[in-house]
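Engineer: Okay, here's the structure, questions in a sec.
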Amino acid sequence: MIWLLAFQLAVSPAQHYENAKQDFAQRKFPQAIVEVDSALHENPYMVPALVLKARLATLTKRPDVAKRCLVTAITVDPTSEDAQFYLGVLFFVQNEFSLALPPLQTAQALSPKSPLPVFYLAMTHQGLGDATKALDLYKRAESLAPEKSVLNAEILVASGKFLLSLGRTQDGIEKVRRAIAIDPGSREAHYELATGLDREGDFENAAREGERALTLPELDVRDAQIHFLLATLYRKLNQPALAKAHLEKFLAARKTTQR
């Protein structure tokens, strides 16, 4: 036991950080927390470790810890793109869009060829109600992301969803179709295509897309949302039995969520 303790103390902060990175990549979050805390115990101002601790804190619903780590990291190294970017993301997910802009803009300036800061700037400007700026940034993010990547598909879905919300249905449908061509397993893309086709009056194909979405892993789009859409679509298609079945599933899913 004493030997093990001596060995742990002998591990450098850099090695603890590398161990934490590997654990994080393998989704071994409790182990990653232990390792990153060990790294920061030895070196409280190790910027990569502070950023990783912030990401772990976000996953464990501790935005206060995440913010403290990122502010410290930026104080130590204002040129850390990761620290600037994740601070912007932290503010974005908390709907503090005005606060998200400066760090995201700094991250974009530090790494102008990276699509992620531009993507989050697009969503941030969307949140601020600046549609023109948001659409321009979505286009730029799309051009920066690798053409056939999952990230490109995510950008296309977000852009398409925004276009649908603006009433630009055909443009929105075109974007989500392109996303599906890249990532056929995107539940959100199939769901957004279903909503677009619904608005176009193509209820049969909309229902087909909704049913396809239900077969895919539940991430951002919940089962309840899809069941509600399908209940509406089958009612329009004059298929009351299917409409009733999906409505019942919608109510059951919503009841489960509200517990």
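The values are calculated or read from the model by the stated rules, or taken from the named source; none is laboratory data. In this text, all values refer to a predicted model and were calculated from it rather than measured experimentally. Reconstructed Cβ throughout: ideal geometry from the backbone, glycine too, with neighbour counts over all protein chains shown.
Engineer: Are any residues in region 63-93 under 17 Å from Leu110 (Cβ atoms), in a helix (DSSP H, G or I) and among the hydroxyl-bearing types (Ser, Thr, Tyr), and if so, which ones?
Structural biologist: Thr75, Tyr86
Engineer: Still on this structure: When Asp171 is evaluated against the numbered criteria (1) surrounded by 15 or more Cβ atoms within 10 Å (Cβ to Cβ); (2) touching a residue at least 12 places away in the same chain (Cβ under 8 Å); (3) touching a Leu at 6+ places or on another chain (Cβ under 9 Å), which criterion, by number, is the only one it fails?
Structural biologist: (2)
Engineer: Within region 117-134, count every residue that is closer than 14 Å to Ala145 by Cα and surrounded by fewer than 22 Cβ atoms within 10 Å (Cβ to Cβ).
Structural biologist: Of the residues in region 117-134, 0 are closer than 14 Å to Ala145 by Cα and surrounded by fewer than 22 Cβ atoms within 10 Å (Cβ to Cβ).
Engineer: Next question, about the same structure. Looking at region 134-155, can you tell me whether even one residue there is assigned to a helix (DSSP H, G or I), farther than 23 Å from Phe85 by Cα and of a type outside the set (Ser, Thr, Tyr)? Don't jump to the end; show me each part of the working.
Structural biologist: Start the filter on region 134-155 by keeping residues that are assigned to a helix (DSSP H, G or I), which leaves 134-144, 150-155.
Then keep just the ones that are farther than 23 Å from Phe85 by Cα; that gives none.
No: region 134-155 contains no residue that is assigned to a helix (DSSP H, G or I), farther than 23 Å from Phe85 by Cα and of a type outside the set (Ser, Thr, Tyr).
Engineer: Could you say whether any residue in region 65-80 is under 30 Å from Arg177 (Cα atoms), at pLDDT 95 or above and either crowded, with 21+ Cβ neighbours inside 10 Å or in contact with an Asp or Glu (Cβ under 7 Å, 6 or more places away or on another chain) (or both)?
Structural biologist: If we filter region 65-80 for residues that are under 30 Å from Arg177 (Cα atoms), which is where we start, we get none.
No, the conditions are met nowhere in region 65-80.
Engineer: Then there's this: Is it the case that region 15-23 has a residue that's free of Cβ contacts under 8 Å to residues at least 12 places away in the same chain, among the aliphatic types (A, V, I, L, M) and part of a helix (DSSP H, G or I)?
Structural biologist: Within region 15-23, not a single residue is free of Cβ contacts under 8 Å to residues at least 12 places away in the same chain, among the aliphatic types (A, V, I, L, M) and part of a helix (DSSP H, G or I).
Engineer: Search region 218-232 for residues that are of a type in the set (Asp, Glu) and pair each with any residue that is part of a loop (DSSP other than H, G, I, E, B) and modelled with pLDDT under 95 when their beta-carbon atoms are under 7 Å apart and the residues are at least 6 apart or on different chains.
Structural biologist: none
Engineer: So, one more: Test each condition in (1) over 29 Å from Lys139 (Cα atoms); (2) at pLDDT 95 or above; (3) within 24 Å of the chain's Cα centre (by Cα) for Gln258 and report the one that comes out false.
Structural biologist: (2)
Engineer: Quick check on Ala213: is it part of a helix (DSSP H, G or I), within 26 Å of Pro184 (Cβ to Cβ) and hydrophobic (A, V, I, L, M, F, W, C)?
Structural biologist: Yes.
Engineer: From the list Ala241, Ala194, pick out the single residue that is outside any loop (DSSP other than H, G, I, E, B), of a type in the set (Gly, Ala, Ser), modelled with pLDDT of 95 or more and surrounded by 18 or more Cβ atoms within 10 Å (Cβ to Cβ). Walk me through how you get there before you give the answer.
Structural biologist: Details: Ala241 fails: surrounded by 18 or more Cβ atoms within 10 Å (Cβ to Cβ).
One residue alone meets the criteria, Ala194.
Engineer: Being among the hydroxyl-bearing types (Ser, Thr, Tyr) and in contact with a Lys or Arg (Cβ under 8 Å, 6 or more places away or on another chain) is the filter; apply it to region 147-193 and report the residue that is farthest from His125 (Cα to Cα).
Structural biologist: If we filter region 147-193 for residues that are among the hydroxyl-bearing types (Ser, Thr, Tyr), which is where we start, we get 149, 159, 165, 169, 186, 191.
Remaining after also requiring in contact with a Lys or Arg (Cβ under 8 Å, 6 or more places away or on another chain): 159, 169.
On the way: Ser159: 12, Thr169: 20 Å.
Among residues in region 147-193 that are among the hydroxyl-bearing types (Ser, Thr, Tyr) and in contact with a Lys or Arg (Cβ under 8 Å, 6 or more places away or on another chain), the one farthest from His125 (Cα to Cα) is Thr169.
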